[in-house]
Amino acid sequence: MILLFALAAAAADPAPVERCGYRIVQSYPHDTTSFTQGLFWDDGYLYEGTGQYGKSRIARLDLDTGKAVAQTSLPVDQFGEGIARWKDQIIGVTWQNGVGHRWSIKDLKPQGNFAYAGEGWGLTTVGDQLVLSDGTSELRFLDPETMTEKRRVTVRFGGRPIGMINELEAIEGQVWANIWMTDFIVRIDPASGDVASLVDLSGLKADAGVSGDDSVLNGIAWDAKKKRLFVTGKYWPKLYEIALADCR
C-alpha cells in the first residue's frame with residue numbers, strides 16, 4: 001500500500017512520463033501451480049522460472065498448452081527467482097540464497113553455479129551485460145562471464161526513487177519491470193534509470209479470476225521477431241498477449 005501511495009505521488013509529478021493502458025490480444029493457458037518469477041521468449045518457446053522452496057524450477061513451455069516440454073528443478077532449499085538467456089545458457093538467480101545457476105538452453109542441464117551478494121529478484125540481458133533487480137530501487141549491471149558488478153542505476157519515477165523492482169525483460173534496448181504487489185509495469189532507461197513509461201494493467205488479475213496477496217502480476221516476455229508482448233502472474237491460469245493502448 002505504501003508503494004502505491006508513492007507511485008501515486010510520483011504520477012502527480014509534471015515530469016514527462018508516458019502513461020499507457022492495454023488491450024488483450026489473446027490469452028493462453030498457464031500452470032496454476034507456477035509461482036512465476038522469471039519469464040522470457042526464445043526460438044518459439046516460453047521459458048519460465050518459478051519460486052517457492054521445494055517447488056522452484058526452470059521450464060521450457062509450449063505456448064498453446066502452457067505445459068512444460070522440458071524442466072529442471074532447483075535444490076529444495078533454494079527459492080528460484082529471475083532467469084535470462086545469455087549465449088547458449090540460461091542464467092538464474094535465487095532469492096536469499098546468494099546462489100546463481102547456469103543451465104544449457106538446449107536441454108536445461110546444469111552448467112555450474114556462482115555466488116553474488118544480496119538478494120536476487122529479476123534478471124534480464126541488455127547488450128553484453130546482465131541486469132539484476134534485488135527488490136530495492138537499484139538495478140545492477142553484471143558481467144555474465146564473471147558476475148562482476150560493472151555499474152548500477154537508481155530507478156526513478158518523476159525524479160523519485162521507486163523500490164520493489166521485480167521481474168525484468170529487455171525490450172528494444174530498454175528494461176521493462178514489474179513493480180511487486182502492484183498492477184504496474186515500468187519502462188526504464190538503462191543508462192539513467194529514469195522511468196519513461198508506466199503501463200497500468202489494472203483489471204488483468206480480475207480477468208484471470210484469481211485473488212489473494214500472492215497471486216500478483218509478475219512475468220514479462222517479448223517475442224522480438226513477431227513483436228508480441230506476454231504477461232502473466234503468480235498462480236494465474238492465463239498468460240496474456242497484450243498490446244499497449246491509450247498512451248498519453
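Give me a count of the residues in segment 224-248 that are outside any loop (DSSP other than H, G, I, E, B), surrounded by 16 or more Cβ atoms within 10 Å (Cβ to Cβ) and not polar (S, T, N, Q). Break it down into steps so the answer makes sense when it comes.
Just the residues of segment 224-248 that are outside any loop (DSSP other than H, G, I, E, B), to begin with: 228-233, 238-245.
Then drop every residue that is not surrounded by 16 or more Cβ atoms within 10 Å (Cβ to Cβ), which leaves 228-233, 238-242.
Filter once more, so that each one left must be not polar (S, T, N, Q): 228-231, 233, 238-242.
Residues in segment 224-248 being outside any loop (DSSP other than H, G, I, E, B), surrounded by 16 or more Cβ atoms within 10 Å (Cβ to Cβ) and not polar (S, T, N, Q): 10 in total.
Of the residues T136, T124, which is closer than 17 Å to N178 by Cβ and touching a Leu at 6+ places or on another chain (Cβ under 7 Å)?
On the way: T136 fails: touching a Leu at 6+ places or on another chain (Cβ under 7 Å).
Answer to the selection: T124.
Entry remark, segment 206-220: residues being over 15 Å from E167 (Cβ atoms) and touching a strand residue (DSSP E or B) at 6+ places or on another chain (Cβ under 6 Å) number 1 in total.
Quick one: would you say V195 is in contact with a Leu (Cβ under 6 Å, 6 or more places away or on another chain), among the β-branched types (V, I, T), open to solvent by less than 40 Å² (accessible area, probe 1.4 Å) and not in a loop (DSSP other than H, G, I, E, B)?
On the way: in contact with a Leu (Cβ under 6 Å, 6 or more places away or on another chain): no; among the β-branched types (V, I, T): yes; open to solvent by less than 40 Å² (accessible area, probe 1.4 Å): yes; not in a loop (DSSP other than H, G, I, E, B): yes.
Spelling it out, it is not the case that V195 is in contact with a Leu (Cβ under 6 Å, 6 or more places away or on another chain), among the β-branched types (V, I, T), open to solvent by less than 40 Å² (accessible area, probe 1.4 Å) and not in a loop (DSSP other than H, G, I, E, B).
Selection within segment 30-76: residues that are among the aromatic types (F, W, Y) and open to solvent by 50 Å² or more (accessible area, probe 1.4 Å). The member of this set that is nearest to V231 (Cα to Cα) is Y45. Filtered by the rule that a residue be assigned to a helix (DSSP H, G or I) and open to solvent by 30 Å² or more (accessible area, probe 1.4 Å), segment 198-223 gives K205, A206, D207. Consider segment 98-109 and keep the residues that are of a type outside the set (A, V, I, L, M) and either over 19 Å from the mean Cα position of the chain (by Cα) or modelled with pLDDT of 95 or more (or both). The one that is most open to solvent (accessible area, probe 1.4 Å) is K106.
The values are calculated or read from the model by the stated rules, or taken from the named source; none is laboratory data. None of these values were measured; they are calculated from a predicted model. Here Cβ is always computed from backbone atoms with ideal geometry, including for glycine, and neighbour counts include all displayed protein chains. All accessible areas refer to the heavy atoms of the entire protein, side chains included, with ligands and DNA or RNA removed. Shrake-Rupley method; radii C 1.70, N 1.55, O 1.52, S 1.80 Å.
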